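Computed from the coordinates by the stated procedures, all read-outs in this text should not be read as laboratory data. Being a predicted model, the structure only gives us computed values, none of them experimental. Cβ: placed from backbone, ideal geometry, glycine included. Neighbour counts: every protein chain shown.
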Amino acid sequence: WSRIAVFASGQGSNFAALIAAERVGLLGGGSIELLVSDKPEAPVAQRAEEAGVSTLLLRPKEFASRELYEAEIVAELQRREIGLIVLAGYMRLITPVLLTPYAGRIINIHPSLLPAFAGKDAMGQALDYGVKLTGVTVHFVDGGMDTGPVIAQRSLVVEDNDTATSLAERIHKVEYELYPEVVAALAAERIGLVGRKTIIREK
Ligand code: GAR
């Protein structure tokens, strides 16, 4: 569980928060061994290089199928003995090629209180709907879109004058705290799963 691969497609600010947590000993003994990205030109790839984290940057389009793309990732994960996969803004659905060997070992962070506003642009969906409360969810990944068992959730109030930018800023702050906490608990094997219900043991 302690050897971690982070998967990301974009800015990588959550990746940066996880790296920062590891550096100050707040990742439960977990170590980030690899950054996997499907967007080699994404800022997160640059961040990984600057942080001295190994990268696996592959363009899915250059593979004959999604399965072959993932098979190459799985080979690298196995070579590095990765025990935990942390999706941090990885904007692709995972197929059984990756899910099966890593069942129960893949987590995701999503910027809403699931099951509300799954899928893309969760914050925009929440603003358009007009909810007064939204938040962040960390969950195990299954074959669906943001459907796996919930591990942790934090809520926050949507203010009357919130814009996409102001809401995103507060959501991100919550994410940067919550994700390292959950990753630390997993790396330290303090999270159990019974059916769809997760239980976190205190330190
Ligand atoms: C995060 O807000 C994360 O919750 C969201 O993408 C953002 C990535 O930001 N993920 C999803 O919407 C997954 N459906 P980052 O690249 O700066 O960490």
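Along the principal axes of its C-alpha atoms, what lengths does the stretch 63-151 span, in descending order and rounded to whole Å?
Extents along the principal axes, in whole Å: 46, 28, 16.
When the label point is put 7 Å from the Cα of Leu26 along its Cα-to-beta-carbon vector, which residues of the stretch 186-203 have a backbone N closer than 17 Å?
186-188, 203, by backbone N distance to the label point.
Mind telling me which of Val158, Val138, Val24 comes out most flexible in a GNM of the chain, alpha-carbon contacts under 10 Å?
Of Val158, Val138, Val24, the most mobile in the Gaussian network model is Val24.
For Ile200 and Ala168, calculate 0.36 nm times their separation in residues minus their Cα-Cα distance, and state this gained length in nm to one decimal.
Working it through step by step, the gained length comes to 8.8 nm.
Report, by chain and number, residues whose modeled amide H sits under 5 Å from the one on Val158, excluding near sequence neighbours (fewer than 5 apart, same chain).
The list, which skips near neighbours in sequence, is Leu133, Thr134.
Whose amide H sits under 5 Å from the amide H of Ile151, counting only residues 5 or more places off or on another chain, with H placed in the peptide plane?
Those qualifying (amide H under 5 Å, at least 5 residues apart or on another chain) are Val138, His139, Phe140.
If you take every DSSP beta bridge fully contained in the chain, what fraction is antiparallel? Give it as a percent rounded to 5.
About 50 percent, rounded to the nearest 5.
Provide the convex hull volume over Cα atoms per residue for the stretch 57-98, in Å³. Walk me through the intermediate numbers first.
Values: hull volume 3.4 nm³, N = 42.
Cα convex hull per residue, to the nearest whole number: 82 Å³.
Output wanted: per-residue J couplings in Hz (rounded whole) for the stretch 151-160, from phi through Karplus 6.51 cos²θ - 1.76 cosθ + 1.60, θ = phi - 60°, x for Gly and Pro.
9, 7, 9, 10, 9, 8, 7, 8, 7, 4
Given the pairs Lys132/Lys173; Lys120/Lys173; Lys61/Lys173; Lys132/Lys203; Lys173/Lys197; Lys173/Lys203, which are separated by over 30 angstrom at their Cα positions?
Lys61/Lys173; Lys132/Lys203
What's the magnitude of the charge dipole for the stretch 63-128 around its Cα centre, counting Lys and Arg as +1 and Asp and Glu as -1 at the beta-carbon? Answer in Debye, nearest 20.
100 debye
Only Lys, Arg, Asp and Glu count, each charged at its Cβ (+1, +1, -1, -1), so figure out the dipole size of the stretch 42-154 about its Cα centre, rounded to 20 debye. Intermediate values should be presented prior to the final figure.
Numbers: 11 positive and 12 negative charges, 39 e Å.
Rounded to the nearest 20 debye, it is 180 debye.
Are there any helices in the chain, counted as whole DSSP H runs, that stretch 30 Å or more along their axis by Cα and score at least 0.0 on average by Kyte-Doolittle, and if so which?
Details: long enough: 164-187 (33 Å, 0.26).
Those that pass (Cα extent of 30 Å or more, hydropathy at least 0.0) are 164-187.
Which of His139, His110, His172 ends up with the largest GNM mean-square fluctuation for the chain, with Cα atoms connected below 10 Å?
Comparing His139, His110, His172 in a Gaussian network model of the chain, the most mobile one is His172.
Can you find, among Gly29, Tyr176, Ser112, the residue farthest towards the positive end of the dipole of the chain? Put +1 on the C-beta of Lys and Arg, -1 on that of Asp and Glu.
In the chain, that residue is Gly29.
Can you give me the long-range amide H partners of Val36? Hydrogens built in the peptide plane at 1.01 Å from N, cutoff under 5 Å, separation of 5 or more residues or another chain.
Under 5 Å from the amide H of Val36 lie the amide H atoms of Val6, Phe7, Ala8, Leu56, each far enough along the sequence or on another chain.
What does the convex hull of the Cα atoms come to per residue for the chain, in Å³?
Cα-based convex hull of the chain, divided per residue, equals 120 Å³.
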